[in-house]
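Single-structure report; data block below.
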Amino acid sequence: MKSQPQTILTPALVANLAATAKPRGETSIALQDALAELSTLPASSIVRASSEISVAARLGWQPLTHRLISAEPIFVRDLALMTRNPDYAWLFLFHPDGRVREAALDAIQTPPTSPFFLSALFWRLNDWAKPVRVAAERCLHRVEQRISPDVAASTAPYLLDRRHVRARWGTEADLLDHIFGRKAVVATLVPWLRREANGSLGKYLRRALRYDAIDEHLPILAAAATQPQVRAIAYQCLLTNKASWFAGFEWMWIDKIYNIKRRVPKFESRPLPGVTSLPDLFWQAARDRSVIVRRVAADALIAAASLVPDADRLIAHLAEDESQSVRSRADYLRRHPPVA
């Protein structure tokens, strides 16, 4: 027997959304309850939830009895309803009629108060209808500076990860930088990167390295982050004086004659000035409990051994490492001593 596909919406939320449809003008309590529960959904659920919300709330639907007594188009009815109760704008972001989605975006004057609804605004920035995408851009420009750092930081991992996936995003992706590059947002994101033990935190840190507001937090992430991958990336930036991040994909030729090429990741970078106590950082990384961090220290030392006053002692320390991969790097350093 086939199992039923899992749904994003809970039965209680589905009931509240259904209640907003009968009739819409008398359902303010159900609407508030529905919006409150939608606010608890994670940002990453936006794609699956959007179609479920439209169906559950019967958006764009009108009972047969109403159609028999009124010739008013459905979208005109919903626009009038949104004028009377602006809270419907957040629900109508999921309306099947693009004219209503566009009007909903123009009606929103307050910033989203949850990661889910911030994600919804960016989802509309990828709408198939260009007028809706333009309206979403106008909406985000209106509210971007008033979005709570907590809301933005909670949404950042999902949206930054989708930056190069949304097919219709061009310069629209710059809005991510306006929101997530703020110092207050980065400062709110850092404790999460520092304390969490599970998840692709290294990938999320890489995404955040495009913002120079992260620079002042790299030493604490290198020294105290729970996840080794986060510590390794932070140390790599500090030891090489360079921050690099994933910037999409590009084509690399394999054989131009036969028109053979493959898609490879593309990275961008920026200098990381002002790094102090470089020898101390090398020793901290070389003594880290994770081998991936110690490998970063050895790799960085190969490129910058002449900058470390006690490089020979550090190389000797790495040569006694329990990991063969670290010892092999120390052996390379011994065979290729730094030139002063």
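Read-outs: derived from the displayed coordinates by stated rules, not from any lab. Predicted, not measured: the structure shown is a model, and the values here were computed from it. Virtual Cβ from ideal backbone geometry, glycine too; neighbours counted across all protein chains shown.
Assorted remarks:
- The chain, helix-only ellipticity at 222 nm - DSSP H runs n ≥ 4, -39,500 (n - 2.57), divided by all residues, nearest 500: -16500 deg cm²/dmol
- Pairwise label distance in nanometres, residue 83 with residue 178, each label 7 Å out on the Cα-Cβ vector: 2.8
- Counting only alpha carbon atoms, the long axis of helix 115-124 and the longest principal axis of the chain meet at about 80°.
- Farthest positive-ward along the stretch 276-340 dipole, Cα basis, beta-carbon charges - from 328, 283, 317: 328
- Taking amide H as placed 1.01 Å from N in the peptide plane, residue 243 has its amide H under 5 Å from the amide H of 270, 272, each at least 5 places away in sequence or on another chain.
- Flagged links, alpha-carbon separation over 22 Å, of 130/266; 183/203; 183/242: 130/266
- Amide H contacts of residue 266 (H built 1.01 Å from N, under 5 Å, at least 5 apart or other chain): 247, 248, 249, 250
- As a length-normalised measure over Cα pairs under 8 Å and 6 or more apart, the relative contact order of the stretch 276-340 settles at 30 percent.
- Rounded tilt (10° steps) of 130-143 against the dominant C-alpha axis of the chain: 70
- Cβ-Cβ distance of residue 40 and residue 291, R₀ of 51 Å, FRET efficiency by 1/(1 + (r/R0)^6): the value works out to about 0.80.
- Euclidean distance of C-alpha centroids, the stretch 167-196 and the stretch 128-161, integer Å: 11
- Sequence-separation-based contact order of the chain, relative, with Cα cut under 8 Å and 6+ spacing, percent: 9
- The C-alpha atoms of the chain define a longest principal axis, and helix 149-161 lies at about 80 degrees to it.
- Cα gyration tensor shape for the chain, rounded if a/c is under 1.5, else prolate or oblate: prolate
- Gain in span if fully extended, residue 198 to residue 21, counting 0.36 nm per residue against the direct Cα distance: 59.6 nm
- Extension gain (nm, one decimal) between residue 76 and residue 12, 0.36 nm per residue minus Cα-Cα: 20.2 nm
- Computed over the stretch 201-294: relative contact order in percent, which uses C-alpha pairs under 8 Å that are six or more apart: 26
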